[in-house]
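Have a look at the structure below before the remarks.
The values are calculated or read from the model by the stated rules, or taken from the named source; none is laboratory data. Here the structure is a predicted model, which is why all the values come from computation and not from measurement. Here the Cβ is made from the backbone with ideal geometry for all residues, glycine too, and neighbour counts use every protein chain on show.
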Amino acid sequence: MITQIIGRLVEKTPTQVVIDCKGVGYAVNISLHTFSQISDNENIKLYTHLQVREDSHTLFGFNTTIERSVFLLLISVSGIGSSTARMMLSSLEPLQIQRAIISEDLNTIKAIKGIGLKTAQRVLIELKDKMLNLQVEGEIQNFGNNTIKDEALSALEVLGYTRKQSERILDSIIQSAPDSSVEELIKEALNKL
């Protein structure tokens with residue numbers, strides 16, 4: 001398995017780069033997101049995924065490990081192949097896809113070219129928990145801010161508010177202000193309850 005490639009950038013197009021590694025040129029398929037992140041420097045490093053099929057060996061390259069992780073999760077869903085996953089990563093940034101799946105934003109996923117209603121629903125159902133636990137370069141991306149959310153939820157329950165109502169309000173606050181502290185969440189939730 002080839003997990004990264006470091007070499008000299010020989011050719012760059014919006015969908016593919018060619019990287020020379022000690023005289024061997026590797027054609028690496030990329031998304032528009034990765035294309036926009038790659039500078040025209042001669043030396044380049046991409047994180048990769050090698051897809052092996054009966055008739056081809058295809059190398060996909062990503063500027064960050066989060067993009068590669070999102071790609072791998074997307075292609076694990078039935079009905080989403082590597083081309084569709086690459087289209088998704090070309091339409092939205094990896095973190096936008098992760099946030100959309102975690103917040104169950106069906107319209108954002110469905111708006112991507114090539115993704116229908118049933119496929120979008122399947123993506124949300126199959127990947128929500130996996131996206132919550134997605135590890136990025138040793139750190140967990142915690143967009144749900146679960147520990148802070150849980151603390152705020154417990155405090156609101158102690159104050160007499162129902163869990164279901166409080167959770168809905170907290171989710172909307174976290175979505176609009178993901179860096180809120182426990183105190184800020186509770187204050188904002190009390191204003192809305």
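Descriptive notes on the structure:
- All positions within region 167-184 that are in contact (Cβ under 8 Å) with a residue 24 or more places away in the chain and of a type outside the set (A, V, I, L, M, F, W, C): D171, Q175, P178, S180, S181
- Condition check for T58: within 15 Å of the chain's Cα centre (by Cα), modelled with pLDDT of 90 or more and not aromatic (F, W, Y): no
- Complete set of residues in region 69-84 that are assigned to a helix (DSSP H, G or I) and among the hydrophobic types (A, V, I, L, M, F, W, C): V70, F71, L72, L73, L74, I75
- Complete set of residues in region 9-33 that are basic (K, R) and exposed (fewer than 15 other Cβ atoms within 10 Å of the Cβ): K22
- Scope region 9-59; condition closer than 21 Å to M87 by Cβ and in a loop (DSSP other than H, G, I, E, B); matching residues: T13, P14, T15, I30, S31, I38, R53, S56
- Qualifying residue in region 98-116 (condition: within 27 Å of I6 (Cα to Cα) and among the hydroxyl-bearing types (S, T, Y)): no
- Counting the residues of region 104-113 that are exposed (fewer than 13 other Cβ atoms within 10 Å of the Cβ) and in a loop (DSSP other than H, G, I, E, B) gives 1.
- Among the residues here, E151 does not qualify as exposed (fewer than 15 other Cβ atoms within 10 Å of the Cβ), modelled with pLDDT under 85, in a helix (DSSP H, G or I) and out of contact with any Asp or Glu (no Cβ under 7 Å at 6 or more places or on another chain).
- Any hit, region 78-88, residues being at positive phi and assigned by TED's automatic domain parsing to the domain that holds K118: yes
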